[in-house]
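Asks: If you scroll down you'll find the structure; I have some questions about it.
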Amino acid sequence: SSPEQLFERGVAALRLGNYAEACPVIEQSQIAEPRLGTLLALADCLDKWGKLHSAVLRHEQVVAEISTLEPAQRAYRAAQLEYAMLAAARLWRSVPRLSLVAPKALTTAEGEIELFLDGAKLSSTGAEVPVDPGTHHVETRAPGHARWTQILEVTPGEHRRVELQLGTPEVASTAALPPRVVA
């Protein structure tokens, strides 16, 4: 499928309210052939689908791209710029945030604790992380400890503090020890 065909298919699904089909197809069109109109359509689709943070990021990308255009092109895109700015500001108020608070130390005797949110490694803890409403998977990994995981359901506008934990300490396997000799 060409980028235009993907876009048309996505917009048709969007008009029917089938966002789970529409948004990924519009995104494929945008990846294949980046265009401001497609990006704006994707932002609106994600907004209607309830993927608020993802929608904000796309609206902010529209603003950033229009801001780099020549003055005549910026003037031509003024309505899109204003629309994207207002949409991003409106949506930011509803974007859920997770405050991921680490165990006392970011390192254990065996090494550093790693933090993952939805499978992606995070570089730090403590700061609020904006996320889309819905289900999220938080995980800590640390040498010498089992993985600790928590599944969270967050709603629009929710700010949740998550106290991270370490998994249970792993006990060294006795199979690796030499057999005891009984005299």
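Asks: Comparing ALA146, ALA13, ALA55, which has the greatest mean-square fluctuation in the GNM of the chain with Cα pairs linked when under 10 Å apart?
Replies: Among ALA146, ALA13, ALA55, the largest mean-square fluctuation in the Gaussian network model of the chain belongs to ALA146.
Asks: Turning to a different aspect of this structure: Which residue fluctuates the most in the chain, going by a Gaussian network model with Cα springs under 10 Å, if the choices are PRO96, PRO169, PRO143?
Replies: Sorting by GNM fluctuation, first place goes to PRO169.
Asks: Which one, LEU36, GLY167, PRO96, projects farthest toward the positive side of the charge dipole computed for the chain from Cβ point charges (K/R +1, D/E -1)?
Replies: The one lying farthest along the dipole's positive direction is GLY167.
Asks: For the pair SER1 and GLU114, how long in nm is the line joining their label points, each one 7 Å along Cα→Cβ?
Replies: For the pair SER1/GLU114, the computed spacing is 3.5 nm.
Asks: Continuing with the same structure: Would you mind checking the tilt of helix 78-92 against the longest principal axis of the Cα atoms of the chain, expressed as 0 to 90 degrees and rounded to 10?
Replies: Once rounded, the angle reads 30 degrees.
Asks: Additional query: Where does each of ILE31, ILE113 land when they are ordered by accessible area, with a 1.4 Å probe and the largest first?
Replies: Working: ILE31 130, ILE113 20 Å².
The ranking, largest first, comes out as ILE31, ILE113.
Asks: Continuing with the same structure: Which three lengths, in whole Å and largest first, does segment 31-102 cover when its Cα atoms are put on their principal axes?
Replies: Its Cα atoms span 48, 23, 23 Å along the three principal axes.
Asks: Just to be sure I follow the definition: excluding the sites themselves, where is the longest run in the chain that has none of the GluC sites (Glu not before Pro) in a DSSP loop with at most 12 other Cβ atoms within 10 Å?
Replies: Details: sites that count: GLU110, GLU170.
Here the longest run is 1-109.
Asks: Calculate what fraction, in whole %, of the accessible area of the chain sits on carbon and sulfur atoms when a 1.4 Å probe is rolled over the protein chains. Walk me through the numbers before you get to the answer.
Replies: Numbers: 6100 of 10990 Å².
Roughly 56 percent, rounded to a whole number.
Asks: Which one of SER124, SER99, SER54 has the biggest mean-square fluctuation once the chain is modelled by GNM with Cα springs under 10 Å?
Replies: Highest fluctuation among the options: SER124.
Asks: How far, in degrees from 0 to 90, does helix 52-67 lean away from the longest principal axis of the Cα atoms of the chain, to the nearest 10?
Replies: Roughly 50 degrees, rounded to the nearest 10.
Asks: Whole-Hz ³J(HN,Hα) for each residue in segment 12-24, computed from phi via Karplus 6.51 cos²θ - 1.76 cosθ + 1.60 with θ = phi - 60°, x for glycine and proline: what do you get?
Replies: 4, 5, 4, 4, 7, x, 8, 5, 4, 8, 5, 4, x
Asks: About its Cα centre, what dipole magnitude does the chain give when the only charges are +1 on Lys and Arg Cβ and -1 on Asp and Glu Cβ, stated in debye to the nearest 20?
Replies: Numbers: 18 positive and 22 negative charges, 60 e Å.
That gives a dipole near 280 debye.
Asks: Suppose a student asked you for the relative contact order of the chain, using Cα pairs under 8 Å spaced at least 6 residues apart; what percent would you report?
Replies: 16
Asks: Go through (1) 23.0, 94; (2) 17.1, 54; (3) 20.4, 68 and flag the label whose value is the computed Rg and Dmax of the Cα atoms in Å for this structure.
Replies: (1)
Asks: Check SER99: other-chain or 5+ apart residues with amide H under 5 Å from its amide H, H built from backbone geometry?
Replies: Close amide H contacts, sequence-distant or interchain: VAL129, ARG160, ARG161, VAL162.
Asks: Just the number please: accessible area per residue for the chain, 1.4 Å probe, all protein chains included, in Å².
Replies: Numbers: 10990 Å² over 183 residues.
Per-residue accessible area for the chain comes out at 60 Å².
Asks: What nm value, rounded to one decimal, do you get for the distance between ALA89 and LEU164 when each label is placed 7 Å out toward the C-beta?
Replies: Between ALA89 and LEU164, the simple spin-label model gives 3.5 nm.
The values are calculated or read from the model by the stated rules, or taken from the named source; none is laboratory data. Please read all numbers here as calculations on a predicted model, not as lab measurements. Note: ideal-geometry Cβ built from the backbone for every residue, glycine included; neighbour counts use all protein chains shown. The protein model used for the area step is the full one, side chains on, heavy atoms only, and it has no ligands, DNA or RNA in it. Shrake-Rupley method; radii C 1.70, N 1.55, O 1.52, S 1.80 Å.
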